[in-house]
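Colleague: So that we are looking at the same thing, I have put the structure below in structure tokens.
The values are calculated or read from the model by the stated rules, or taken from the named source; none is laboratory data. It should be emphasised that the depicted structure is a prediction, and the values quoted were computed from it without experimental measurement. Neighbour counts are summed over all protein chains in view; Cβ atoms, including those assigned to glycine, are modelled from backbone coordinates with ideal geometry. Heads up: the accessible areas ignore ligands, DNA and RNA and are worked out on the full protein's heavy atoms, side chains in. Shrake-Rupley method; radii C 1.70, N 1.55, O 1.52, S 1.80 Å.
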Amino acid sequence: MIEEQQEQIISGTETIVRKLIGTMPNGIVKSYLYTVLPDVIGFFWAVVFAVIVYVVGVRLIRLAVKLVRKPLELKGIETGAVQFITSLVKSILYVVLVIIILALFGVSTASIAAAIASMGLAAGLALQGSLSNFAGGVLILILRPFVVGDYIIEHTHGNEGVVSEITIFYTKLKTIDHKIIVIPNGVLANSSLTNATMSDKRMIDLKIPVSYETNILKAKEILLAIVDKEDQRLMTDPVQIFVDDLADSAVMLGLRFWVPTEDYWTVRWRVIESVKLEFDASGITIPYNQLDVHLVK
């Protein structure tokens with residue numbers, strides 16, 4: 001249907017232009033214009049139709065992506081899976097749009113299919129990394145080592161941040177200072193990582209050194225009092241205060257208690273500051289490395 005309309009428009013345009021050329025005096029220029037006229041008009045309208053198809057196609061693709069995304073979100077499917085599926089659908093639709101535009105320039109779909117088939121092996125070898133990333137994205141969605149919103153630490157290169165988006169080839173992390181880190185899915189699927197927020201609670205585990213002259217029973221009472229003042233700690237889990245090690249220059253006290261995951265850093269920083277202030281007020285020394293120099297006369 002579209003091809004017939006295209007041929008009719010081209011034929012009508014060619015008729016009009018031939019009449020205009022016919023008014024010109026006979027000569028080499030007139031003969032040349034008659035010769036190249038069909039190709040020029042055909043290419044002109046192919047470009048016009050290609051632009052129209054592209055503009056309409058982009059809008060239809062956006063609409064299709066929205067139609068795919070909304071049902072998935074209404075069904076409560078995990079955000080990363082929604083992002084992955086919609087990006088995959090979007091990529092496929094853009095490939096279809098390119099094929100349609102090529103057909104407007106006279107490239108048959110059979111030729112395109114043959115070209116794709118012949119280039120399949122070469123593309124597979126050239127795009128091994130991309131295919132690995134695609135497979136990694138599928139594994140991430142199936143095994144769910146993390147989801148959008150989790151804070152992860154990638155061990156291979158030490159990248160860490162909140163997962164903001166999972167696409168068909170890459171996963172995006174947002175750091176604490178709002179930088180965006182783009183990591184290939186293949187790296188995340190084939191290396192170890194730490195998910196710091198998968199659980200709804202985390203243990204604060206502190207090692208606090210005190211001098212050997214310190215009354216450790218008094219120090220433990222101070223630590224317990226500090227933790228008891230924390231309203232954000234989980235009361236259902238016990239507080240552990242113990243002697244962790246007798247080091248070379250200090251007695252290492254251990255302090256462990258549980259807090260909600262979202263409050264971990266806030267409580268940790270506040271407790272560390274409180275320990276320093278309370279120990280100073282009570283005259284308890286926290287040892288630090290120092291060097292004594294003796295001069296021999």
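Colleague: Could you grab me the full set of residues in segment 130-173 that are more than 23 Å from residue 202 (Cα to Cα), of a type in the set (Phe, Trp, Tyr) and outside any loop (DSSP other than H, G, I, E, B)? I'd like the intermediate steps shown before the answer.
Modeller: First, the residues of segment 130-173 that are more than 23 Å from residue 202 (Cα to Cα): 130-142, 156-157, 165-172.
Okay, now just the ones that are also of a type in the set (Phe, Trp, Tyr), so 134, 169-170.
Residues satisfying the conditions are 134, 170.
Listed here are the residues, each with its yes/no results for (1) in contact with a Cys (Cβ under 9 Å, 6 or more places away or on another chain); (2) of a type in the set (Ser, Thr, Tyr); (3) under 25 Å from residue 171 (Cα atoms); (4) open to solvent by 70 Å² or more (accessible area, probe 1.4 Å).
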{"site": "193", "(1), (2), (3), (4)": "no, no, yes, no"}
{"site": "199", "(1), (2), (3), (4)": "no, yes, yes, no"}
{"site": "204", "(1), (2), (3), (4)": "no, no, no, no"}
{"site": "211", "(1), (2), (3), (4)": "no, yes, no, no"}
{"site": "215", "(1), (2), (3), (4)": "no, no, no, yes"}
{"site": "218", "(1), (2), (3), (4)": "no, no, no, yes"}
{"site": "225", "(1), (2), (3), (4)": "no, no, no, no"}
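Colleague: When you go through 248, 200 one by one, which is the residue that is out of contact with any Gly (no Cβ under 9 Å at 6 or more places or on another chain), more than 24 Å from residue 287 (Cα to Cα) and of a type in the set (Asp, Glu)?
Modeller: Details: 248 fails: more than 24 Å from residue 287 (Cα to Cα).
Matching residue, one of 248, 200: 200.
Colleague: Can you name the number of the only condition in (1) modelled with pLDDT under 85; (2) closer than 26 Å to residue 264 by Cα that residue 130 fails?
Modeller: The one condition residue 130 does not meet is (2).
Colleague: Pull out all pairs, ordered by first then second residue, where Cβ-Cβ is under 9 Å, the residues are six or more apart or on different chains, the first lies in segment 164-185 and is surrounded by fewer than 20 Cβ atoms within 10 Å (Cβ to Cβ), and the second is in a loop (DSSP other than H, G, I, E, B).
Modeller: Going by the 9 Å Cβ cut-off, the qualifying pairs are 164/148; 164/149; 165/148; 175/159; 181/159; 181/175; 184/169.
Colleague: Identify the residue in segment 210-234 that is β-branched (Val, Ile, Thr) and part of a helix (DSSP H, G or I) and, among all such residues, is farthest from the chain's Cα centre (by Cα).
Modeller: Filtering segment 210-234 for residues β-branched (Val, Ile, Thr) gives 210, 214, 216, 222, 226-227.
Then keep just the ones that are part of a helix (DSSP H, G or I); that gives 216, 222, 226-227.
Values: 216: 48, 222: 44, 226: 40, 227: 37 Å.
Taking the candidates together, the pick is 216.
Colleague: Can you tell me how many residues within segment 274-297 are in a helix (DSSP H, G or I) and of a type in the set (Phe, Trp, Tyr)? Give the steps one after another, and end with the answer.
Modeller: Of the residues in segment 274-297, the ones in a helix (DSSP H, G or I) are 274-282.
Those still in the list that are of a type in the set (Phe, Trp, Tyr) too: 279.
The total comes to 1.
Colleague: Can you tell me which residue is nearest to the chain's Cα centre (by Cα) among those in segment 34-89 that are buried (at least 16 other Cβ atoms within 10 Å of the Cβ) and modelled with pLDDT under 75?
Modeller: That would be 46.
Colleague: Do you know which of the residues in segment 254-273 that are part of a strand (DSSP E or B) and open to solvent by 20 Å² or more (accessible area, probe 1.4 Å) is farthest from residue 222 (Cα to Cα)? Before the answer, list the steps.
Modeller: Within segment 254-273, the first condition is being part of a strand (DSSP E or B), and the residues that meet it are 254-260.
Next cut, open to solvent by 20 Å² or more (accessible area, probe 1.4 Å) only: 256, 258, 260.
Details: 256: 14, 258: 18, 260: 23 Å.
Among them, the one singled out is 260.
Colleague: Here's another thing I want to ask about it. Do any residues in segment 260-287 that are in contact (Cβ under 8 Å) with a residue 12 or more places away in the chain have Cβ atoms under 6 Å from those of residues that are open to solvent by 90 Å² or more (accessible area, probe 1.4 Å), where the two are at least six apart or on different chains, and which pairs are they?
Modeller: 261/200
Colleague: Additional query: Which one of these does residue 161 not meet: (1) open to solvent by 50 Å² or more (accessible area, probe 1.4 Å); (2) at positive phi?
Modeller: (1)
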